[in-house]
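Enquirer: After the structure tokens below, expect a handful of questions from me.
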Amino acid sequence: MNLIQIRKSMNAVSFTSRVCKAFLLLILLSMGASSCSNGDDISDHPQNYYFRASLDNRKVDFHSVIFQGSGNDNRWEHIVVGGNEKSTPTDGSLPSPSLDFEIWRQGGDIKAGTYTTPAEQGMIARYAVQTNNGTLIYNTSVADDVFTLHIESIGKDGIKGTFSGKVRSMEGQVIDVTEGSFNLPYDEIINP
């Protein structure tokens with residue numbers, strides 16, 4: 001074999017090798033893409049996560065919702081769940097009203113169960129309206145209004161439950177919160 005024949009032979013092997021590598025890469029990519037589309041994986045479907053309620057009979061699916069908490073020794077000593085009525089404005093305008101609830105049990109453990117204000121002293125629910133003159137706050141600490149939170153499940157994966165009750169402004173105006181429900185992952189912002 002002369003040098004020209006050896007080079008032709010090597011070029012043919014090199015071309016065949018590149019085609020095989022490209023074909024294998026294409027197969028691996030298609031397998032990877034199909035494995036990512038598992039319809040049962042809840043994290044691929046944010047519509048399974050929600051925070052919603054009726055406020056004075058007006059249904060709201062909240063935006064920029066988050067569940068956060070903390071504690072020691074695998075206990076939940078503090079949790080907060082909240083969100084805004086609309087997405088965060090990008091034009092510099094005021095944010096939409098927000099709703100949240102919070103429980104503190106320092107040294108305790110917040111588990112699945114029912115929590116009610118005013119009996120649960122470390123619990124508060126708030127509805128906040130931003131204005132150019134400040135924030136108008138409705139909450140459960142103004143009067144002895146009842147706000148009930150039922151936690152069906154809670155863990156590092158997330159929280160699920162229902163809520164209802166009343167929040168009141170300092171001026172005595174009441175907002176009736178009904179049909180509240182949530183299913184949220186831990187420490188991840190969710191939008192409807």
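Enquirer: Using a 7 Å offset from the Cα along the Cα-to-Cβ direction at both ASN191 and THR135, what is the distance between the two label points in nm, to one decimal?
Expert: Spacing of the two 7 Å Cα→Cβ label points: 2.2 nm.
Enquirer: A further question on this structure: Rounded to the nearest 0.05, what FRET efficiency do GLU152 and LYS86 have when you use their Cβ-Cβ distance and R0 = 30 Å?
Expert: Calculated value: 0.65.
Every number here is computed from the coordinates shown, using simple stated rules; none is lab data. All values derive from a computational prediction rather than experimental measurement. Neighbour counts are summed over all protein chains in view; Cβ atoms, including those assigned to glycine, are modelled from backbone coordinates with ideal geometry.
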